[in-house]
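A short write-up of the structure that comes next.
The values are calculated or read from the model by the stated rules, or taken from the named source; none is laboratory data. Predicted model, so just to flag it, every value in this text is computed and none were measured. Reconstructed Cβ throughout: ideal geometry from the backbone, glycine too, with neighbour counts over all protein chains shown. Each accessible area value is taken on the protein alone, full model and side chains, heavy atoms only, with ligands, DNA and RNA left out. Shrake-Rupley method; radii C 1.70, N 1.55, O 1.52, S 1.80 Å.
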Amino acid sequence: VHPCTKAWLAAVDFGGTAGDGPWTPDSQPLVFKRQLLAIDGTTLTIDAPVFNHLDRALAQSYIYALDRQDIVTEVGVEDLRIDIETEGGDDEDHAWTAIAMVGVEDGWVRRVTALHFGFAGVTVQTGSQLTIVDSHALDPVAKITGERMYNFDASGGQQVLFTSCHASNGRHHYVSNGTTWTSGVVFHRSTSTGAHASSEGHRRWSMGLLYDNIVETAPSKDGMVVLGLYNRGDYGTGHGWSSAHSVAWNYDTSTGVAAIQRPPTAQNYAIGGVGEFTGDKPAPFDQPEGYIEGSGQPGLVPASLYERQLAERLCGLL
């Protein structure tokens, strides 16, 4: 845990919340769920990286043992088609989410198609080391407005992989709706059609998001933001800096735009990709541009950052 102190808040511009009230002490602790592999004096070895600097000058981090009583492990949902009955249009009197993963570790969703949900096809509310693969979240039914249509959502997950998925006609197709409890989420080799809003880190310092080889087609409006690693200011309830230390790798924005901005003390990146990448308009709030390199240039090596890191990790285990 990296506590949310006055010093850390000052370093991150109190969240950059524009017209909303600033983030307050203790409201946004940076929390990482990890397995402790070894202790050697004052050196701790953990099973996966953390996704933010643990700066003692801003906050004294600490560790504690997790109460595992309510954690569900090694469970999966496979080979389902979930078609929620609705009256179509703006109807909201129906089942709201197809699959929710809550308090799950080492779990998966595979070969699932979810249709006509109001909130999410698959949402990870809390959990870690999860994979959602070969799944579709299609054609949500609800009003096209806030708190709705998050086709694939990580609201409190860590070390979560969404891969070979497809989302259609929602708002935030691939989204971290979590806060500083959400990190290490990969959206990999997936597709998005007809989005009404952006895939993004949605609020309050989600960390370590990777959008790797995502292909957009037919966003609902040309020139709209289809990917946001950026500041959301007073959107929602003080969303502010919605993502930090996050990467768009070889992203195809179609006729949309990727908004990549640099948070204080951190960075966001766009490497390679097709389409428009900018830290300026149409990003909704003026902030410094993030690190953007190689857009529109073919032949990115490695073609997938996730696949390269996975290969290196597996080689290290041999």
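Restricting Q261, Q297 to those that are at pLDDT 95 or above and out of contact with any strand residue (DSSP E or B) (no Cβ under 9 Å at 6 or more places or on another chain) reduces the list to Q297.
With R110, R34 as the choices, which residue is basic (K, R) and open to solvent by less than 70 Å² (accessible area, probe 1.4 Å)?
Values: R110 fails: open to solvent by less than 70 Å² (accessible area, probe 1.4 Å).
Step by step, each of R110, R34 is checked, and only R34 is basic (K, R) and open to solvent by less than 70 Å² (accessible area, probe 1.4 Å).
Scanning the range 214-241 for residues that are among the hydroxyl-bearing types (S, T, Y) and crowded, with 24+ Cβ neighbours inside 10 Å yields one hit, Y230. Pairing each residue of the range 40-64 that is touching a residue at least 24 places away in the same chain (Cβ under 8 Å) with any residue that is among the aromatic types (F, W, Y), provided the two are 6+ apart or on different chains, yields C-beta distances under 7 Å for V50/F32; L58/W8; A59/W8. For H166, the conditions (1) more than 16 Å from the chain's Cα centre (by Cα); (2) surrounded by fewer than 20 Cβ atoms within 10 Å (Cβ to Cβ) all hold with the exception of (1). Condition first: free of Cβ contacts under 8 Å to residues at least 40 places away in the same chain and aromatic (F, W, Y). Can you find one or more residues in the range 113-122 that meet it? Yes, some residue in the range 113-122 is free of Cβ contacts under 8 Å to residues at least 40 places away in the same chain and aromatic (F, W, Y). Scanning the range 270-305 for residues that are touching a Ser or Thr at 6+ places or on another chain (Cβ under 8 Å) and crowded, with 19+ Cβ neighbours inside 10 Å gives A270, G272, G273, F277.
If the Cβ limit is 6 Å and pairs must be 6+ apart or interchain, which residue in the range 123-144 that is touching a residue at least 24 places away in the same chain (Cβ under 8 Å) and within 20 Å of A197 (Cα to Cα) pairs with which residue that is among the charged types (D, E, K, R) and part of a loop (DSSP other than H, G, I, E, B)? Here the result reads V141/D91; A142/E92; A142/R148; K143/D90, each pair linking the range 123-144 to a residue that is among the charged types (D, E, K, R) and part of a loop (DSSP other than H, G, I, E, B).
Among the residues of the range 243-269, those identified as over 14 Å from V215 (Cα atoms), open to solvent by less than 20 Å² (accessible area, probe 1.4 Å) and either among the β-branched types (V, I, T) or assigned to a strand (DSSP E or B) (or both) are S243, A244, S246, A259, I260, Q261, N268. Scanning the range 40-73 for residues being surrounded by 10 or more Cβ atoms within 10 Å (Cβ to Cβ), within 22 Å of V109 (Cα to Cα) and of a type outside the set (A, V, I, L, M, F, W, C) gives a total of 1. Evaluate the following for Y211: is it surrounded by fewer than 21 Cβ atoms within 10 Å (Cβ to Cβ) and either part of a strand (DSSP E or B) or modelled with pLDDT under 95 (or both)? It is false that Y211 is surrounded by fewer than 21 Cβ atoms within 10 Å (Cβ to Cβ) and either part of a strand (DSSP E or B) or modelled with pLDDT under 95 (or both). Under the condition of being closer than 17 Å to E147 by Cβ, open to solvent by less than 20 Å² (accessible area, probe 1.4 Å), of a type outside the set (D, E) and under 10 Å from the mean Cα position of the chain (by Cα), the residues counted in the range 183-205 number 3.
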